[in-house]
Amino acid sequence: MRIRRTSHLLALTALTALALTACEDGTAVQDEGASHPASSTVTAAQPTPATDKGTGTAPTKDTTGSTGSSGSAGSAGSAGSAGSAGSAGSAGSAGKTGGNTGADTGGSTGGSTGDKAADDTASDTRVLCNGSNTKVTAQPVARPLNHMLLTVTNTGSKTCDLTYYPVVRFDEMQWVPQGAKETQPQAVTTLAPGESGYAGVLLSAADGSGDGGQTAKKLTIAFQGYTPNSDGGASATPALPAKGVYYDSSLAVTYWQQDMDDALSW
């Protein structure tokens, strides 16, 4: 009994020694490590760097993807189909055709209208002859007897009209001699700049039949407008000879004439 117990103790001692020897050699660790589940844990953890790398590139792919989705803005490029509005360009060609047609039609029509407007404008440039745009002279003549010649010269820059007859007033006389109807011209006497018009004045009766004769020292010539006896603008005061001019109740005047001979033939 004692011997068996002793043998048992020796066997345990031997096993313990073997175990200690194995621990020192590292053999036991390698054997146990081959079957230890920790090695599988380490292996499973290996892909972690790859996963981290994948995680780093994944946002790039996602970002590119989102950019691709902005390619849907490219679909807005389909709004380029609005280029079909370019067909409106054909309407533009129609506009061109219409423009040419309008230019031709409007041109010819506007041309004739323009000619009429030009005539109207030309008439607008004509003014009345009066003391502001003319020079007036009064000169007694030898023939016809007892006559005086009135000369009106256009000193302005526009054509002017001498309408009807001159309104003659000597000194402060209270009456105005009328124009001799038989001397009225076919058209209004018109003076271009620099041109002259004329009127004759019968001062007194050659046979002495007139009465109330007197000598005047001052003469005033008034102008008529486009209607009889209307105001034609500024009057003129041409100089008289120093000895004055004799007149009586026979005083009369002619209408304004384009020609001096016509003014003195009456």
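What follows draws every value from the coordinates through simple rules; no lab data is involved. Quantities reported herein were computed from a predicted structural model and do not represent experimental measurements. Glycine gets a Cβ as well: all are built from the backbone with ideal geometry, and neighbour counts include every protein chain shown.
Numbers for the structure displayed
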item	result
Count - residues of the range 219-258 that are of a type in the set (D, E, K, R) and out of contact with any Gly (no Cβ under 9 Å at 6 or more places or on another chain)	1
Candidate set: the range 232-251, residues that are among the aliphatic types (A, V, I, L, M) and crowded, with 18+ Cβ neighbours inside 10 Å; chosen: the one nearest to the chain's Cα centre (by Cα)	Ala236
Strands (runs of 3 or more DSSP E) within the range 198-247 that include 2 or more residues of a type in the set (Phe, Trp, Tyr) and either out of contact with any Lys or Arg (no Cβ under 9 Å at 6 or more places or on another chain) or free of Cβ contacts under 8 Å to residues at least 24 places away in the same chain (or both)	245-247
